[in-house]
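A short write-up of the structure that comes next.
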Amino acid sequence: MSYLEKINSPADLKKLSMNELEIYAQEVRAYIIDVVNKNGGHLSSNLGSVDFTIALHYVFDCPRDKIIFDVGHQSYAHKIITGRRDAFVGLRVDGGISGFENMRESDCDAFSTGHSSTSLSVGLGYARARDLAGENYNVISVIGDGALTGGMSYEALNNIGESGTRMIVILNDNTMSISKNVGAMSKYLGKLRLSKRYRSLKTVFKRGIDGIPLIGPALVKVTERTKSWIKRQLITNKMFEQLGIKYYGAFDGHNIRETVQILTQIKSGKQPVVLHLITNKGNGLYEAEKDPEKYHGVEGSTENMRKYSSIVSDKIIELADRDGKVVAVTAAMLSGTGLAAMHEKYPSRCFDVGIAEQHAVSMCAGLAAAGMKPYFAVYSSFLQRAYDQVLHDVCLNRLPVRFLIDRAGAIGADGVTHQGLFDISYLRQMPYMTILSPKDGNELEKMLDFSLTFDGPLAIRYPKGYREIFPSDAPFSLGKWETLGESKNKVIVLAVGNRMIDLASRVDCSIVNVNSISPIDTAMLSELNRNGNLLITLEDGIISGGFGESVSHYLRSVGQKCKLIGLGFENSYCDKLTVKSAFASAGLTEDNLRKIIASHTPSGKKTLE
């Protein structure tokens, strides 16, 4: 029986020797690679976290001790150790386990995570609650160097140092988030990595001279006096200790024995500490180590769809060629959002700000105020983190910032934390915000052309991929929808985006391409209202505050004559791990649409009349 099969809990892990832990680590890595190759998932980050995760569970007692993984996409080994080895084969499968920590999945998951730079704040909350309750458990917050580019981390570090509260911060330093890390913090950590070199040199030197007869011990004492001077030369900055947090490092995060030893030492401390571990993203798999960005997120079986990010990649360069004021901004997502080629051609006009969406939006506002033409490419789920900056800094000042919102709507595999269901609802409430949704790549190109001279806040939202359903060269005109197909049954489906148009194309109805979500096409709506039609709105976002409600509001204002039914997601979270099942849960299916059309009833869905 393999060690992988023997370990069903952290208690089982503690029975192994150090040599056995090394073998177990290899087996865990092989298991992760096998499952991710079949199901998809976050590969390189998890391979780099196996060793120190084993050390954490060897030293601490989960679930009594609280281990909080920042983002959580490096928690696969944690799940396997904590009783979910067999369930791990269901990673990213409906009914299977989450790819992130989830409090509802296991009491060993101290917090549900999915977004970056939160673990320090959550950990401090746990530590303060522990102290107030007079309890005595350990709190360990694991955070990557990429997450330290997020401003929330510094807010937390400042408060942790001031509080003096006992907790442990594990800094998993692999020099990357998704794209290569950028910024002053990355350079600072580079200096701290020299401390690992310093420790190694000191240990080798001390062992060597200590063995010299008679004069060896004396030489050791002499060299100890020069230690501080040597250290100052190699380690020139001590930010953490200046904040009041004891710093230990840098250590090899793949050396389980050494990590166990240092964790055992700092476990009994009475103050906040940072343990700096250096790891290799993708460790143990040559391809992932060589190209960790490519293997950050591995997809399982994929549908034959074209990517909107490919359109963005080519078109943003074309716009930059045409207009020297065009600049692009990303928050550590150069490749995912399609800006890698722009960064290569125009490095001085393409800014990767790290995992700092709030800063990115406000910087774009400053760029726009100074006369530049900024494009911020971001996933829908991550734009939520900059809600106030969009409302206050961009919309209040009516600045022409262009938001390219990728992964909009249901996204499937990454689960509840990454769904892009809320952008229509909250952006539609913002004054002066224009929201567009292309039916395909050709229309996205036209919208990007339109955006170049548009003088106001503008959001273009789209899912990951699209199919050519109704190809056309029809010009794009703001606030003017496009009729794609007509039926004689007086049923008109107002479809937002490619996937909703695809759904409507499979039933007998007239289809309207809602390429302009805000403003709506009031002229077309007035005409449809007069003819006593059945109108059905389809949107892959929440109904509350969404597109369907904007249609309802307008029709009521002019005297509604038609029947109106709105389909979309209820005002809640969606944790479905495939797009198909997410749509099914919202009634966005061919069968449900046929039933509604046949009976002219909402079939239990929300009616907006």
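Hey, any hits in the stretch 61-73 for a residue that's of a type in the set (Val, Ile, Thr), in contact with a Leu (Cβ under 8 Å, 6 or more places away or on another chain) and not in a strand (DSSP E or B)?
No - not one qualifying residue is present in the stretch 61-73.
Exactly one of these conditions fails for residue 456: (1) assigned to a loop (DSSP other than H, G, I, E, B); (2) open to solvent by 10 Å² or more (accessible area, probe 1.4 Å). Give me its number.
Among (1) assigned to a loop (DSSP other than H, G, I, E, B); (2) open to solvent by 10 Å² or more (accessible area, probe 1.4 Å), residue 456 violates only (2).
Inside the stretch 332-450, counting only helices (runs of 4 or more DSSP H) that do not spill past its ends, which hold 2 or more residues that are within 30 Å of residue 88 (Cβ to Cβ) and touching a residue at least 12 places away in the same chain (Cβ under 8 Å)?
Here the list reads 380-383.
What pairs can you find where one residue is in the stretch 229-248 and at pLDDT 85 or above, the other is hydroxyl-bearing (Ser, Thr, Tyr), and their Cβ atoms are less than 7 Å apart, with a gap of 6+ or different chains?
Going by the 7 Å Cβ cut-off, the qualifying pairs are 240/247; 241/247.
Are any of the residues in the stretch 75-84 of a type in the set (Ser, Thr, Tyr), open to solvent by 10 Å² or more (accessible area, probe 1.4 Å) and closer than 17 Å to residue 277 by Cβ?
no
Select from the stretch 141-165 the residues that are among the β-branched types (Val, Ile, Thr) and in contact with an Asp or Glu (Cβ under 7 Å, 6 or more places away or on another chain) and write down the one among them that is surrounded by the fewest Cβ atoms within 10 Å (Cβ to Cβ).
For the stretch 141-165, the residue satisfying everything is 165.
If I ask for residues that are on the phi < 0 side of the Ramachandran plot and either in contact with a Cys (Cβ under 8 Å, 6 or more places away or on another chain) or of a type outside the set (S, T, N, Q) (or both), which ones from the stretch 544-560 would you list?
Scanning the stretch 544-560 gives 546, 547, 548, 549, 551, 553, 554, 555, 556, 558.
Of the residues 413, 360, 377, 369, which single one is among the hydrophobic types (A, V, I, L, M, F, W, C), more than 17 Å from residue 308 (Cα to Cα) and either in contact with a Ser or Thr (Cβ under 6 Å, 6 or more places away or on another chain) or at pLDDT below 95 (or both)?
Exactly one residue qualifies, and that residue is 413.
Which is part of a helix (DSSP H, G or I) and either out of contact with any Asp or Glu (no Cβ under 8 Å at 6 or more places or on another chain) or open to solvent by less than 50 Å² (accessible area, probe 1.4 Å) (or both), of 4, 16?
Result: 4 is the single residue among 4, 16 that is part of a helix (DSSP H, G or I) and either out of contact with any Asp or Glu (no Cβ under 8 Å at 6 or more places or on another chain) or open to solvent by less than 50 Å² (accessible area, probe 1.4 Å) (or both).
Output the residues belonging to the stretch 552-579 that are touching a Lys or Arg at 6+ places or on another chain (Cβ under 7 Å) and buried (at least 16 other Cβ atoms within 10 Å of the Cβ).
Listed by number, the residues that qualify are 565, 566, 567, 577.
With 181, 172 as the choices, which residue is within 20 Å of residue 52 (Cβ to Cβ) and modelled with pLDDT of 90 or more?
The conditions single out 172.
The rows are residues; the columns are (1) over 30 Å from residue 469 (Cβ atoms); (2) open to solvent by 60 Å² or more (accessible area, probe 1.4 Å).
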residue	(1), (2)
317	no, no
339	no, no
353	yes, no
358	yes, yes
363	yes, no
367	yes, no
373	yes, no
378	no, no
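So which residues in the stretch 98-137 are open to solvent by 10 Å² or more (accessible area, probe 1.4 Å) and under 14 Å from residue 39 (Cβ atoms)?
Passing the criteria: only 98.
Please specify each residue of the stretch 401-453 satisfying the condition of being among the aromatic types (Phe, Trp, Tyr) and either open to solvent by 20 Å² or more (accessible area, probe 1.4 Å) or in contact with a Cys (Cβ under 7 Å, 6 or more places away or on another chain) (or both).
422, 426, 432, 450
So which residues in the stretch 37-56 are part of a helix (DSSP H, G or I) and surrounded by fewer than 24 Cβ atoms within 10 Å (Cβ to Cβ)?
37, 38, 39
The values are calculated or read from the model by the stated rules, or taken from the named source; none is laboratory data. Please read these numbers as outputs of a predicted model, since none were measured by experiment. We place every Cβ from the backbone using ideal geometry, glycine too, and count neighbours over all the protein chains shown. Accessible surface areas use protein heavy atoms only, side chains included; no ligands, DNA or RNA. Shrake-Rupley method; radii C 1.70, N 1.55, O 1.52, S 1.80 Å.
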